[in-house]
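The values are calculated or read from the model by the stated rules, or taken from the named source; none is laboratory data. Note that this is a predicted model, so its numbers are computed, not measured. Heads up, the Cβs are rebuilt from the backbone with ideal geometry, glycines too, and the neighbour counts pull from every protein chain shown. To get the accessible areas, we keep the full protein, side chains included, count just its heavy atoms, and leave off ligands, DNA and RNA. Shrake-Rupley method; radii C 1.70, N 1.55, O 1.52, S 1.80 Å.
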Amino acid sequence: MTVRSRIIISVLIVIGMLCIVQTIRKRKIDLRYALVWLLVCVGILIFTVFPKLLELLSDCLGIATPVNMLFFIGFCLSLIIIYTLSIATSKLSAKLKVMTQEVAILKHDIYGRKKEAEESAADTAQGSEVEKQL
């Protein structure tokens, strides 16, 4: 990789990190999910600045070329991101179920009280008609 391409990639990664920080500030993304993306950016930045580190790591793990090592790291990070998002989705689904049940119970209570009030009003009206007839 040439020095020029490393500089361009480094600048793009820094711009990406700034965009992620900006979305955190605007509260469009939760910090715990953004941290994963920031760590990915830092990792790419390290491998861009020190390309020999990727070669050394791929040699230590017995992977033939550094490019294959990069794909392996990307695959592992994708699995981690998918796993964390699956956990978050499961938690939100459970919360939604509980909230739906609570709303149904509250509606049942409201309609039950409304029906009792209508019956009470009807009984009062019938009672006053009986008093008038007497």
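The table below gives the values:
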quantity: Any chance VAL40 is among the β-branched types (Val, Ile, Thr) and surrounded by 12 or more Cβ atoms within 10 Å (Cβ to Cβ); calculated: yes
quantity: Sole residue being basic (Lys, Arg) and surrounded by 12 or more Cβ atoms within 10 Å (Cβ to Cβ), chosen from ARG32, ARG27, ARG6; calculated: ARG6
quantity: ILE80 vs. criteria in contact (Cβ under 8 Å) with a residue 24 or more places away in the chain, out of contact with any Phe, Trp or Tyr (no Cβ under 6 Å at 6 or more places or on another chain) and open to solvent by 60 Å² or more (accessible area, probe 1.4 Å); calculated: yes
quantity: Which listed residue is among the aliphatic types (A, V, I, L, M) and under 30 Å from THR2 (Cα atoms), from ILE80, ILE20; calculated: ILE20
quantity: Residues satisfying the stated conditions in region 2-45, i.e. touching a helix residue (DSSP H, G or I) at 6+ places or on another chain (Cβ under 7 Å), β-branched (Val, Ile, Thr) and closer than 22 Å to MET69 by Cα; calculated: ILE9, ILE13, VAL36, VAL40, ILE44
quantity: Residues that are farther than 25 Å from ILE44 by Cβ and open to solvent by less than 80 Å² (accessible area, probe 1.4 Å), drawn from region 83-99; calculated: SER90, SER93, ALA94, VAL98
